[in-house]
1. Looking at the stretch 267-301, which of its residues are under 12 Å from A313 (Cα atoms) and either buried (at least 23 other Cβ atoms within 10 Å of the Cβ) or modelled with pLDDT of 80 or more (or both)?
2. Being assigned to a loop (DSSP other than H, G, I, E, B), under 18 Å from F263 (Cβ atoms) and among the polar types (S, T, N, Q) is the filter here, so list the residues in the stretch 312-368 that pass it.
3. List, please: which pairs have Cβ atoms under 6 Å, are six or more places apart or on different chains, and start with a residue in the stretch 336-348 that is farther than 17 Å from I271 by Cβ and end with one that is of a type in the set (S, T, N, Q) and away from ligand 1 (no atom under 15 Å from the Cβ)?
4. Report yes if E258 is away from ligand 1 (no atom under 12 Å from the Cβ), in a helix (DSSP H, G or I) and surrounded by fewer than 20 Cβ atoms within 10 Å (Cβ to Cβ), otherwise no.
5. Just checking, which of K255, K281 is among the basic types (K, R) and under 24 Å from I347 (Cα atoms)?
6. Which residue, of G85, G46, G29, G18, is free of Cβ contacts under 8 Å to residues at least 60 places away in the same chain and within 20 Å of K105 (Cβ to Cβ)?
7. Just to be sure, is A332 within 16 Å of ligand 1 (Cβ to nearest atom) and modelled with pLDDT under 90?
8. Filter the stretch 371-400 down to the residues that are surrounded by 14 or more Cβ atoms within 10 Å (Cβ to Cβ) and not in a helix (DSSP H, G or I), then identify the one that is modelled with the highest pLDDT.
Amino acid sequence: MEKLNVLFVDDEENLLHGLRRSLRRKALGWETRFANSGEEALNLMGESPADVIVTDMRMPGMNGVELLKEVKAKYPKTVRFILSGFSDKVLILDSVGLCHQFFAKPCDIEQLLEAVNFSNSLYAQLGEERLQKLICEIKNLPTPPETYMAINKELKKEEPSIENVAEIIRKDASISAKVLQLVNSAFFGIGTEVTDIAQASSLLGTEHLKSIILMIGIADEFSKSENPASLDAYRRHSLEVATECEHIAKELGYKFNEVQTCFTAGLLHDIGKLVMLSHFKTKYSGIEAFRLQTPGTEAVQDLESEVFGTNHAIVGAALLALWGLPPQVVNAVAHHHKPGKISPQEITLATIIHVANAVVWHRHHSEDGNLNESDLIDPDHISKCGLTDSVLGWSNTPNS
Ligand SMILES: [Fe+2]
Ligand SMILES: [Fe+2]
């Protein structure tokens, strides 16, 4: 693989020095360049575009937002991060469509480098260049107008209830991903990874939620879709798998917040499908048709790889990593079809999604609605985790 080319832009010499030092210590093997201003950064980009740009927000002359606007238009494949000491949250919300992740100054440089590395490790696996460009350009994913209207209606009340809003958001994978992206960004100063929508919504508060909903303009996106039936099926499936994940986590005796994380990961597990469905409609509809005729998902993943050079699990994980969602969720999404790859004999979040997915699939597609041992996609992993009997039991008792 070629060396990752990263460009850092800041008018503070000290910060650039600190970065240089940490980079030397970490020996990541990146090719790094440093610019003192937006203008200089654009010149360097003109010489050779960077894979990743990390810029300050407030600089004399061209500011970070102006710089990223230019970069986004001219070099859409470049991943855009903001590192800023300017803690005006409204401005941050304005730049949401412009940058992939925000980091607050003073910043933990190690954490920043880690994030750049993590999001790029998945991004590099996307294969097809068109897909890389697409992932980089995505601001929001389609959300049904009903969700949008319901949230809006609640937020317009004199005293909107955060609990009600959270309950609506909780069922929608695209808004959930966006809310988690914002709340996990360093600007909200929370410092811990948030994977639960109810917690995320109350941390953001009604005012920020309002801005997010307004900014997302999701209803419009959805109405443009030519493929509402597949999108509907995707939504139903995501919600069913999320509910099944929650059920399994409870059966396994997980704690309350772990159960919530399982629900969120289940809801987001196929978000890569949503990306493909909404942006490569014709190409992906053929794959969807094949999926309906072919039991299991392995063959479908192979077909996806043939057509796109990658599969929906990687596409979804790459998008979520780029948006700064916690690695625990990103990894589970990346491996939900092959959970044994994370750990052959240990139950992870990926195992739970995998099992929930199988249970849901067979509830709809097998003749008696039950799952048999021979239907399991990764029976070896399930058995090493000691889950075979439980899985067969869960599939026979649909949760309410
Ligand atoms: Fe999947
Ligand atoms: Fe699925």
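1. L268, H269, D270, I271, G272, K273, L274, V275, M276
2. Matches in the stretch 312-368: T348 only.
3. Pairs that qualify, where the first residue is farther than 17 Å from I271 by Cβ and the partner is of a type in the set (S, T, N, Q) and away from ligand 1 (no atom under 15 Å from the Cβ), are I342/T348.
4. Yes; evaluated as a whole, the condition is true for this residue.
5. So the residue among K255, K281 that is among the basic types (K, R) and under 24 Å from I347 (Cα atoms) is K255.
6. G85
7. The answer is no for A332.
8. Out of the qualifying residues, it is C385.
The values are calculated or read from the model by the stated rules, or taken from the named source; none is laboratory data. Because the structure is a prediction, the values reported are computed rather than measured. Using ideal geometry, Cβ is built from the backbone for each residue, glycine included, and neighbour counts are taken over all protein chains shown.
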